[in-house]
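Only one structure is covered here, and it is reproduced in the block below.
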Number of protein chains: 2
Amino acid sequence: MRQPIAQGRTQKLDSKRHASAQEILDAAATAFSERGYAATSIDDVADVLGCTKGRIYHYFRTKGDLFIGIHLQALEWALEAVGPTAERADLGPEEKLREMVHRHAMHLMNRASYMGPAQYQIEMNLASEGRNKDEQMARILKMRRQFEAYYATVVEEGIAAGAFRGTDANILVKAVLGTINWMHVWFRPGGPQDSTVERERTAAELAEFAVRGVVA
Amino acid sequence: MRQPIAQGRTQKLDSKRHASAQEILDAAATAFSERGYAATSIDDVADVLGCTKGRIYHYFRTKGDLFIGIHLQALEWALEAVGPTAERADLGPEEKLREMVHRHAMHLMNRASYMGPAQYQIEMNLASEGRNKDEQMARILKMRRQFEAYYATVVEEGIAAGAFRGTDANILVKAVLGTINWMHVWFRPGGPQDSTVERERTAAELAEFAVRGVVA
DNA sequence: CCCTATCATACTACCACGTAGGTTTTTTGG
DNA sequence: CCAAAAAACCTACGTGGTAGTATGATAGGG
């Protein structure tokens, strides 16, 4: 009974092993984002890789672990994308929020396969699985709250400074998050007119929309 | 081989029969919105009703038909919610958009169990099923396009009239839709401080956010 | 009293997760 | 450089759960 990885992401891993696991995660993220978690079989993921189930189960104990691995990776990236900006002290609320939204949107487009499944499927899918994943769930929820706190903080700062409308900070945060997160429904990587500059333009457009929605 | 209902919604149905089918749809919507389509078994739906599978399969041929029935119902209601407002000629773009968003948000909260599954799960779930549902899919997609067209029209009118920012109408529409549709992720009916007035306040808040996001 | 809509029970077929070993490739140690 | 061990991966199943069916029971209307 070996102890697979993918829980302790920070552990030092043999780089070969880590690369193979990452390749599996990529394939799973792609498959899940296309057909959904429950409708995707492990064999489907293996087909994407051109291998068999054996390889996948060598790295991940269960299908749920695969999903959790994708989630942790996506959230890690998301926190990296907006965290540094959120903690900058040299920006006013308006510019800080604009930059955060812009980076968040770019991250969503650049890592679409990971972020798509990550956003909403978690509660339903993992709530029904056995409760032996409570620890992982707690870690994911913690990262989620951290991420949302970045936005809550800048909105509250803006309200306190009189830069943002002083209504309900909580709903404003949900509105901003919805503006961005809804992208995974309509944005398709590799679609027509998809390019780096186009993504930048889209991100800037959404950032402008969100900022205008909250400014006083 | 009887011909079950739920495809021809406009047919005259025995009211008893229709009531029973509607009850089943309600239960299925609730179950799907909680655990997701694929993770919910027909027996789960039957348990919610306190009956057995027999009753469900007497009204719906397959599990997919159940899902489609929920979808059609949700879209029908959604079109009823915003359509009349979208076609009013006595409102300027700004007030029309505000009213549409408000009604849309109220609809989402009042029919949360139907709208939750309806929003995004369709492509993944039905794309993987057999292609004998193309007709139903086409009907659903048509209603979706109709719904989105309501928003596109008002946004384009606003831009043409100089009331809205004349940037990318398409992205603005997606931003507005995201603001509202994302509610199914964070709004929980029956949660703390959930009441009619609170829902009105939430809807008004989101409408204000969306309108400010697009006005010039 | 019969007939039909309605629902329950029991059953089948099948898919997909996870496992138990075997086989190949890579690493290690002498 | 070579055996031996370990890692990486594959093949072939066992097993549980679920969609859908076939048949039987019941209740209400004409």
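The values are calculated or read from the model by the stated rules, or taken from the named source; none is laboratory data. Here the structure is a predicted model, which means the values were calculated and not measured. Every residue, glycine as well, gets a Cβ built from its backbone with ideal geometry; the counts of neighbours run over all protein chains shown. Surface areas here come from the heavy atoms of the whole protein model, side chains and all, with no ligands, DNA or RNA. Shrake-Rupley method; radii C 1.70, N 1.55, O 1.52, S 1.80 Å.
In the range A:56-83, how many are away from DNA strand C (no atom under 11 Å from the Cβ) and within 14 Å of chain B (Cβ to nearest Cβ)? Give the derivation first.
At the first step, the residues of the range A:56-83 found to be away from DNA strand C (no atom under 11 Å from the Cβ) are A:59, A:68-83.
Checking which are within 14 Å of chain B (Cβ to nearest Cβ) leaves us with none.
Looking only at that region, the number is 0.
Of the numbered criteria (1) out of contact with any Asp or Glu (no Cβ under 6 Å at 6 or more places or on another chain); (2) within 13 Å of chain B (Cβ to nearest Cβ), the one A:Ala161 fails is (2). Restricting attention to the range B:45-58, the residues that are within 12 Å of DNA strand D (Cβ to nearest atom) and assigned to a helix (DSSP H, G or I) add up to 9.
Only one entry in A:Val154, A:Val214 is within 14 Å of chain B (Cβ to nearest Cβ), surrounded by 21 or more Cβ atoms within 10 Å (Cβ to Cβ), closer than 23 Å to B:Glu205 by Cα and modelled with pLDDT of 95 or more, namely A:Val214. Total residues in the range B:157-185 satisfying the condition of being in contact with a Gly (Cβ under 8 Å, 6 or more places away or on another chain) and open to solvent by 40 Å² or more (accessible area, probe 1.4 Å): the figure is 2.
Out of A:Gly166, A:Gly178, A:Gly190, one residue alone is at pLDDT below 95, under 20 Å from the mean Cα position of the chain (by Cα) and of a type in the set (Gly, Ala, Ser). It is A:Gly190. Taking the stated definitions as given, is B:Ala149 of a type in the set (A, V, I, L, M, F, W, C) and more than 12 Å from every other protein chain (Cβ to nearest Cβ)? Yes: the conditions hold for B:Ala149.
Residue check: is A:Pro84 over 10 Å from the mean Cα position of the chain (by Cα) and over 21 Å from A:Arg212 (Cα atoms)? Answer is yes for this residue. If you go through the range A:62-89 and keep only what is surrounded by fewer than 16 Cβ atoms within 10 Å (Cβ to Cβ) and more than 26 Å from A:Arg199 (Cα to Cα), you end up with A:Thr62, A:Ala89.
Screening A:Lys16 with (1) modelled with pLDDT of 95 or more; (2) near DNA strand C (Cβ under 8 Å from one of its atoms) gives one miss only, at (1).
Please indicate, with yes or no, whether at least one residue in the range A:168-187 is among the β-branched types (Val, Ile, Thr), more than 9 Å from chain B (Cβ to nearest Cβ) and closer than 21 Å to B:Met183 by Cα.
Let us first name the residues in the range A:168-187 that are among the β-branched types (Val, Ile, Thr), namely A:171, A:173, A:176, A:179-180, A:185.
If we keep only those that are more than 9 Å from chain B (Cβ to nearest Cβ) too, we end up with A:173.
So of that shortlist, the ones also closer than 21 Å to B:Met183 by Cα come out as A:173.
So far as the range A:168-187 goes, yes, one or more of its residues are among the β-branched types (Val, Ile, Thr), more than 9 Å from chain B (Cβ to nearest Cβ) and closer than 21 Å to B:Met183 by Cα.
Set side by side, the residues A:Glu34, A:Glu23 differ, and just one is over 30 Å from A:Val211 (Cβ atoms) and more than 16 Å from DNA strand D (Cβ to nearest atom), which is A:Glu34.
Scanning the range B:80-89 for residues that are assigned to a loop (DSSP other than H, G, I, E, B), touching a Lys or Arg at 6+ places or on another chain (Cβ under 9 Å) and of a type outside the set (A, V, I, L, M) turns up at least one hit. Note on the range B:20-55: among residues that are open to solvent by 10 Å² or more (accessible area, probe 1.4 Å), within 20 Å of the chain's Cα centre (by Cα) and modelled with pLDDT of 90 or more, the one that is farthest from DNA strand C (Cβ to nearest atom) is B:Thr30.
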